Amino acid sequence: MKAVAIDLDGTALTNDGKFSKRLEQAIQKMHDKGILIFIATGRSMKSLSSKLPKDLPVDGYVAASGVVVVAQGQVLRSSTFKKETIEEVISIAREQNVYYEVNTTNDGPFTFVQDKEYALEDLLHPPEEDVLAYETIGASRSITDSNQWVDTIDLTDVIKLYFFSNYKDKIKKFYNTLDQNSDNNTKYALYQTAVHNSEIMVPGVDKGTGLTVLAEHFNINLSDIHVFGDSMNDIPMFKVAGKSVAMKHAIEELKDLSDDKTEFTNAEEGLAQYFEAHYL
(Lines give C-alpha, C1' and ligand atoms only; values in the text may rest on other atoms or scores of the structure.)
Protein backbone atom coordinates (compact mmCIF):
# COMPACT_ATOMS: atom_id res chain seq x y z
CA MET A 1 0.00 0.00 0.00
CA LYS A 2 1.20 3.52 -0.79
CA ALA A 3 -0.72 5.34 1.97
CA VAL A 4 -2.48 4.77 5.27
CA ALA A 5 -5.45 6.85 6.43
CA ILE A 6 -5.93 6.86 10.18
CA ASP A 7 -8.96 7.86 12.21
CA LEU A 8 -8.16 9.53 15.53
CA ASP A 9 -10.74 9.12 18.32
CA GLY A 10 -11.19 5.46 19.16
CA THR A 11 -8.44 4.42 16.73
CA ALA A 12 -5.14 6.29 17.02
CA LEU A 13 -5.98 8.05 20.29
CA THR A 14 -6.42 6.34 23.63
CA ASN A 15 -9.73 6.73 25.43
CA ASP A 16 -8.40 9.78 27.25
CA GLY A 17 -7.48 11.41 23.95
CA LYS A 18 -3.72 10.75 23.96
CA PHE A 19 -1.41 9.83 21.07
CA SER A 20 1.13 7.30 22.32
CA LYS A 21 4.87 7.47 21.76
CA ARG A 22 4.81 3.90 20.47
CA LEU A 23 2.34 4.80 17.72
CA GLU A 24 4.27 7.95 16.88
CA GLN A 25 7.46 5.92 16.41
CA ALA A 26 5.70 3.32 14.25
CA ILE A 27 4.25 6.00 11.98
CA GLN A 28 7.64 7.71 11.66
CA LYS A 29 9.26 4.44 10.56
CA MET A 30 6.48 3.82 8.03
CA HIS A 31 6.87 7.32 6.62
CA ASP A 32 10.63 6.79 6.38
CA LYS A 33 9.87 3.75 4.19
CA GLY A 34 7.93 5.98 1.78
CA ILE A 35 4.38 5.38 2.96
CA LEU A 36 2.14 8.45 2.85
CA ILE A 37 0.43 9.25 6.16
CA PHE A 38 -3.12 10.65 6.11
CA ILE A 39 -5.19 11.64 9.14
CA ALA A 40 -8.95 11.18 8.54
CA THR A 41 -10.94 12.53 11.47
CA GLY A 42 -14.18 14.13 12.55
CA ARG A 43 -12.15 16.76 14.37
CA SER A 44 -11.56 20.22 12.94
CA MET A 45 -8.10 21.30 11.80
CA LYS A 46 -7.75 23.55 14.84
CA SER A 47 -8.50 20.66 17.19
CA LEU A 48 -5.72 18.57 15.66
CA SER A 49 -2.95 20.80 16.97
CA SER A 50 -3.63 19.67 20.53
CA LYS A 51 -3.93 15.97 19.68
CA LEU A 52 -1.08 15.15 17.29
CA PRO A 53 2.61 15.03 18.26
CA LYS A 54 4.45 18.12 17.04
CA ASP A 55 6.80 16.25 14.69
CA LEU A 56 4.42 13.56 13.46
CA PRO A 57 4.91 13.21 9.68
CA VAL A 58 1.49 13.82 8.11
CA ASP A 59 1.14 14.27 4.36
CA GLY A 60 -2.59 14.97 4.22
CA TYR A 61 -5.61 15.64 6.40
CA VAL A 62 -9.28 14.82 5.95
CA ALA A 63 -10.77 16.95 8.73
CA ALA A 64 -14.34 17.39 9.98
CA SER A 65 -15.20 14.11 8.24
CA GLY A 66 -14.26 15.36 4.80
CA VAL A 67 -15.45 18.95 5.02
CA VAL A 68 -11.86 20.23 4.98
CA VAL A 69 -9.06 18.50 3.04
CA VAL A 70 -5.48 19.72 3.45
CA ALA A 71 -2.20 18.51 1.94
CA GLN A 72 1.28 19.94 2.33
CA GLY A 73 -0.09 23.13 3.87
CA GLN A 74 -2.57 23.68 1.04
CA VAL A 75 -6.35 23.62 1.50
CA LEU A 76 -7.63 21.39 -1.28
CA ARG A 77 -11.30 21.61 -0.33
CA SER A 78 -13.42 23.45 2.23
CA SER A 79 -17.22 23.25 2.46
CA THR A 80 -19.65 25.11 4.73
CA PHE A 81 -23.28 24.80 5.83
CA LYS A 82 -26.19 26.96 4.78
CA LYS A 83 -26.80 29.53 7.52
CA GLU A 84 -30.47 28.60 7.87
CA THR A 85 -29.54 24.96 8.53
CA ILE A 86 -27.32 25.92 11.46
CA GLU A 87 -29.99 28.21 12.87
CA GLU A 88 -32.57 25.43 12.61
CA VAL A 89 -30.38 22.81 14.32
CA ILE A 90 -29.36 25.14 17.15
CA SER A 91 -33.05 25.91 17.68
CA ILE A 92 -33.74 22.18 18.10
CA ALA A 93 -30.82 21.87 20.53
CA ARG A 94 -32.28 24.72 22.60
CA GLU A 95 -35.71 23.14 22.66
CA GLN A 96 -34.22 19.93 24.05
CA ASN A 97 -31.52 21.61 26.21
CA VAL A 98 -28.70 19.85 24.39
CA TYR A 99 -25.16 21.21 24.67
CA TYR A 100 -23.57 22.07 21.32
CA GLU A 101 -20.27 23.28 19.89
CA VAL A 102 -19.99 25.24 16.64
CA ASN A 103 -16.79 24.87 14.61
CA THR A 104 -15.97 27.29 11.80
CA THR A 105 -13.43 26.81 9.02
CA ASN A 106 -10.49 28.02 11.11
CA ASP A 107 -11.80 28.38 14.65
CA GLY A 108 -13.95 27.02 17.44
CA PRO A 109 -15.48 25.45 19.31
CA PHE A 110 -18.02 28.17 20.09
CA THR A 111 -21.30 28.12 22.01
CA PHE A 112 -23.74 31.01 22.33
CA VAL A 113 -23.56 32.48 25.82
CA GLN A 114 -27.36 32.62 25.98
CA ASP A 115 -27.34 28.81 26.19
CA LYS A 116 -24.69 28.58 28.90
CA GLU A 117 -27.05 28.08 31.83
CA TYR A 118 -28.71 24.91 30.57
CA ALA A 119 -25.44 23.65 29.06
CA LEU A 120 -23.57 23.93 32.35
CA GLU A 121 -26.37 22.13 34.16
CA ASP A 122 -25.67 19.11 31.95
CA LEU A 123 -21.87 19.42 31.77
CA LEU A 124 -21.55 19.68 35.55
CA HIS A 125 -23.78 16.68 36.23
CA PRO A 126 -21.91 13.51 37.28
CA PRO A 127 -21.34 11.56 34.06
CA GLU A 128 -22.97 8.21 33.43
CA GLU A 129 -20.60 5.24 33.52
CA ASP A 130 -20.30 4.93 29.74
CA VAL A 131 -19.20 8.52 29.11
CA LEU A 132 -15.75 8.27 27.53
CA ALA A 133 -12.71 9.88 29.13
CA TYR A 134 -12.09 12.26 26.22
CA GLU A 135 -15.72 13.42 26.43
CA THR A 136 -15.29 14.23 30.12
CA ILE A 137 -12.07 16.10 29.33
CA GLY A 138 -13.88 18.09 26.64
CA ALA A 139 -16.72 18.94 28.99
CA SER A 140 -14.27 20.16 31.64
CA ARG A 141 -12.52 22.34 29.04
CA SER A 142 -15.81 23.88 27.98
CA ILE A 143 -16.75 24.76 31.54
CA THR A 144 -13.55 26.75 32.10
CA ASP A 145 -12.83 28.16 28.61
CA SER A 146 -14.20 31.71 28.56
CA ASN A 147 -13.31 32.06 24.86
CA GLN A 148 -15.81 29.38 23.89
CA TRP A 149 -18.88 31.28 25.12
CA VAL A 150 -19.68 34.06 22.67
CA ASP A 151 -22.49 36.43 21.74
CA THR A 152 -22.07 36.12 17.97
CA ILE A 153 -20.79 33.49 15.49
CA ASP A 154 -20.36 33.76 11.73
CA LEU A 155 -22.96 31.16 10.80
CA THR A 156 -21.99 31.36 7.11
CA ASP A 157 -18.60 29.78 7.90
CA VAL A 158 -19.68 26.71 9.91
CA ILE A 159 -18.24 23.30 9.03
CA LYS A 160 -19.39 21.16 11.96
CA LEU A 161 -21.69 21.03 14.97
CA TYR A 162 -20.93 18.67 17.86
CA PHE A 163 -23.44 17.73 20.55
CA PHE A 164 -22.88 16.08 23.93
CA SER A 165 -24.78 15.15 27.04
CA ASN A 166 -23.95 13.28 30.21
CA TYR A 167 -27.38 11.68 29.72
CA LYS A 168 -27.35 9.23 26.80
CA ASP A 169 -31.16 9.13 26.64
CA LYS A 170 -31.16 12.87 25.95
CA ILE A 171 -28.67 12.48 23.09
CA LYS A 172 -30.61 9.51 21.71
CA LYS A 173 -33.81 11.56 21.58
CA PHE A 174 -31.97 14.50 20.03
CA TYR A 175 -30.25 12.26 17.45
CA ASN A 176 -33.60 10.79 16.44
CA THR A 177 -35.07 14.27 16.06
CA LEU A 178 -32.19 15.35 13.82
CA ASP A 179 -32.45 12.13 11.83
CA GLN A 180 -36.15 12.77 11.14
CA ASN A 181 -35.38 16.38 10.26
CA SER A 182 -32.41 15.70 7.94
CA ASP A 183 -34.48 15.61 4.74
CA ASN A 184 -32.72 12.44 3.56
CA ASN A 185 -29.27 13.84 4.43
CA THR A 186 -29.66 16.85 2.12
CA LYS A 187 -29.52 19.34 5.02
CA TYR A 188 -26.65 17.68 6.87
CA ALA A 189 -24.84 14.39 7.36
CA LEU A 190 -25.58 13.01 10.82
CA TYR A 191 -23.09 10.90 12.77
CA GLN A 192 -22.71 9.39 16.22
CA THR A 193 -19.24 8.28 17.35
CA ALA A 194 -20.28 7.29 20.90
CA VAL A 195 -23.55 6.95 22.79
CA HIS A 196 -23.20 10.32 24.51
CA ASN A 197 -22.48 12.46 21.45
CA SER A 198 -23.69 13.29 17.97
CA GLU A 199 -22.42 15.59 15.23
CA ILE A 200 -23.50 16.98 11.91
CA MET A 201 -21.29 17.63 8.90
CA VAL A 202 -21.84 19.32 5.56
CA PRO A 203 -23.87 16.97 3.32
CA GLY A 204 -22.32 15.40 0.25
CA VAL A 205 -18.82 15.24 1.69
CA ASP A 206 -17.35 12.59 3.97
CA LYS A 207 -14.10 10.76 4.71
CA GLY A 208 -14.50 8.83 1.46
CA THR A 209 -14.75 11.92 -0.74
CA GLY A 210 -11.91 13.47 1.26
CA LEU A 211 -9.65 10.52 0.50
CA THR A 212 -10.58 10.84 -3.17
CA VAL A 213 -9.30 14.43 -3.13
CA LEU A 214 -6.03 13.35 -1.47
CA ALA A 215 -5.56 10.45 -3.89
CA GLU A 216 -5.91 12.82 -6.85
CA HIS A 217 -3.50 15.30 -5.26
CA PHE A 218 -0.81 12.68 -4.67
CA ASN A 219 -1.49 10.89 -7.96
CA ILE A 220 -2.28 7.55 -6.36
CA ASN A 221 -5.31 5.26 -6.64
CA LEU A 222 -7.84 4.78 -3.86
CA SER A 223 -6.89 1.10 -4.08
CA ASP A 224 -3.44 2.13 -2.81
CA ILE A 225 -4.85 3.47 0.49
CA HIS A 226 -5.13 1.38 3.66
CA VAL A 227 -7.70 2.81 6.10
CA PHE A 228 -8.18 2.32 9.86
CA GLY A 229 -11.22 3.26 11.95
CA ASP A 230 -13.78 2.30 14.55
CA SER A 231 -17.03 4.22 14.13
CA MET A 232 -19.87 5.45 11.97
CA ASN A 233 -18.08 8.30 10.21
CA ASP A 234 -15.38 5.88 9.00
CA ILE A 235 -17.85 3.89 6.88
CA PRO A 236 -17.49 6.05 3.72
CA MET A 237 -13.72 5.62 3.57
CA PHE A 238 -14.01 1.88 4.23
CA LYS A 239 -16.22 1.67 1.15
CA VAL A 240 -13.72 3.36 -1.20
CA ALA A 241 -10.28 2.33 0.06
CA GLY A 242 -8.23 -0.56 -1.27
CA LYS A 243 -7.89 -2.16 2.16
CA SER A 244 -9.62 -1.51 5.47
CA VAL A 245 -9.00 -2.50 9.08
CA ALA A 246 -11.53 -2.08 11.88
CA MET A 247 -10.43 -1.75 15.47
CA LYS A 248 -11.24 -4.68 17.76
CA HIS A 249 -13.91 -2.60 19.50
CA ALA A 250 -15.36 -1.04 16.32
CA ILE A 251 -19.08 -0.95 15.58
CA GLU A 252 -20.37 -4.10 13.90
CA GLU A 253 -21.32 -2.34 10.67
CA LEU A 254 -17.72 -1.25 10.20
CA LYS A 255 -16.37 -4.70 11.03
CA ASP A 256 -18.66 -6.16 8.37
CA LEU A 257 -17.09 -3.83 5.78
CA SER A 258 -13.49 -4.42 6.85
CA ASP A 259 -10.84 -6.67 5.36
CA ASP A 260 -9.19 -7.21 8.72
CA LYS A 261 -9.48 -6.33 12.41
CA THR A 262 -6.89 -5.34 14.99
CA GLU A 263 -6.13 -7.86 17.69
CA PHE A 264 -6.19 -5.16 20.36
CA THR A 265 -8.28 -2.05 21.16
CA ASN A 266 -7.09 1.54 21.07
CA ALA A 267 -6.59 1.37 24.84
CA GLU A 268 -4.18 -1.53 24.26
CA GLU A 269 -2.03 0.14 21.56
CA GLY A 270 -3.98 -1.81 18.94
CA LEU A 271 -3.03 0.40 15.99
CA ALA A 272 0.66 0.57 16.89
CA GLN A 273 0.77 -3.21 17.29
CA TYR A 274 -0.92 -3.70 13.92
CA PHE A 275 1.56 -1.39 12.17
CA GLU A 276 4.50 -3.15 13.82
CA ALA A 277 3.24 -6.57 12.74
CA HIS A 278 2.18 -5.72 9.19
CA TYR A 279 4.40 -2.83 8.09
CA LEU A 280 7.55 -2.98 10.19
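Under the simplified labelling scheme, the Ala277-Ser223 pair shows an inter-label distance of 2.7 nm, with each label point 7 Å from Cα along Cα→Cβ. Have a look at Asp107, Asp224, Asp151 and tell me which one the Gaussian network model of the chain (Cα, springs below 10 Å) gives the largest fluctuation. Looking only at Asp107, Asp224, Asp151, the biggest GNM fluctuation is shown by Asp151.
Give me the extension gain from Gln74 to Asp179: residue separation times 0.36 nm, minus the current Cα-Cα distance, reported in nm with one decimal.
Working: separation 105, 0.36 × 105 = 37.80 nm, distance 3.38 nm.
Working it through step by step, the gained length comes to 34.4 nm.
Only four residue types carry charge here, +1 at the Cβ of Lys and Arg and -1 at the Cβ of Asp and Glu. Report the dipole size of the stretch 1-75 about the Cα centre in Debye, rounded to the nearest 20. Write out the running numbers ahead of the final one.
Working: 10 positive and 7 negative charges, 24 e Å.
Charge dipole of the stretch 1-75: 120 debye, to the nearest 20.
Distances between placed amide hydrogens fall under 5 Å for Ser244 paired with Val227, Asp259, Asp260, all partners being 5 or more residues away or on another chain. Applying the criteria of a DSSP loop state and at most 14 other Cβ atoms within 10 Å to the GluC sites (Glu not before Pro) of the stretch 78-130 yields Glu128, Glu129.
Ligands, DNA and RNA left out, the accessible area of the chain computed with a 1.4 Å probe is 45% carbon and sulfur.
Applying the Karplus relation 6.51 cos²θ - 1.76 cosθ + 1.60 with θ = phi - 60° to the stretch 263-269 yields 3J(HN,Hα) values of 6, 10, 7, 5, 6, 10, 6 Hz, where x marks Gly and Pro.
Full extension of the chain segment joining Ser20 with Ala267 gains 87.9 nm, where the gain is 0.36 nm per residue of separation less the Cα-Cα distance. Could you calculate the FRET efficiency of Ile137 with Lys168 from 1/(1 + (r/R0)^6), where r is the beta carbon distance between them and R0 is 22 Å, rounded to 0.05? Rounded to the nearest 0.05, the efficiency is 0.80. Out of every Cα-Cα pair that the stretch 1-156 contains, those further apart than 19 angstrom amount to 61 percent. Surface exposure of the stretch 1-110, expressed per residue as accessible area with a 1.4 Å probe, stands at 41 Å². The C-alpha radius of gyration of the stretch 193-248, expressed as a fraction of 2.2 N^0.38 Å, stands at 1.21. The share of C-alpha pairs in the stretch 116-218 whose separation exceeds 22 Å stands at 44 percent. The alpha-carbon atoms of the stretch 93-132, seen along their principal axes, cover 33, 23, 15 angstrom, with the largest extent given first. A cut-off under 10 angstrom between Cβ atoms defines the neighbours of Ile251, and their net charge, with Lys, Arg +1 and Asp, Glu -1, is -4.
Taking only Cα atoms, what is the 0 to 90° angle, nearest 10, from helix 21-32's long axis to the longest principal axis of the chain? The angle comes out at about 50 degrees. The distance between label points at Ser50 and Ser91 comes to 3.2 nm (points 7 Å beyond Cα on the Cα→Cβ vector).
Note on the chain: helix-only mean residue ellipticity at 222 nm, from DSSP H runs of 4+ residues weighted -39500 (n - 2.57) and normalised by residue number, equals -10000 deg cm²/dmol. Residues of the stretch 169-184 falling in the label zone of His125, defined by backbone nitrogen less than 13 Å from a point 7 Å along Cα to beta-carbon, are 169-174.
With the other protein chains left in place, how much accessible area per residue, in square angstrom, belongs to the stretch 123-166 at a 1.4 angstrom probe? Could the numbers behind the result be given before it?
Details: 2200 Å² over 44 residues.
Accessible area per residue, the stretch 123-166: 50 Å².
Placing pseudo-labels 7 Å out from each Cα toward the beta carbon at Gln114 and Lys248 gives an inter-label distance of 4.9 nm. Helix 207-217 and the longest principal axis of the Cα set of the chain meet at an angle near 50°.
The values are calculated or read from the model by the stated rules, or taken from the named source; none is laboratory data. Just so we're clear, the structure is a prediction, and the values are computed from it rather than from any experiment. Ideal geometry is used to build each Cβ from the backbone, glycine not excepted, and the neighbour counts take in all protein chains shown. Remember, those area values only see protein heavy atoms, side chains included, never the ligands or the DNA or RNA. Shrake-Rupley method; radii C 1.70, N 1.55, O 1.52, S 1.80 Å.
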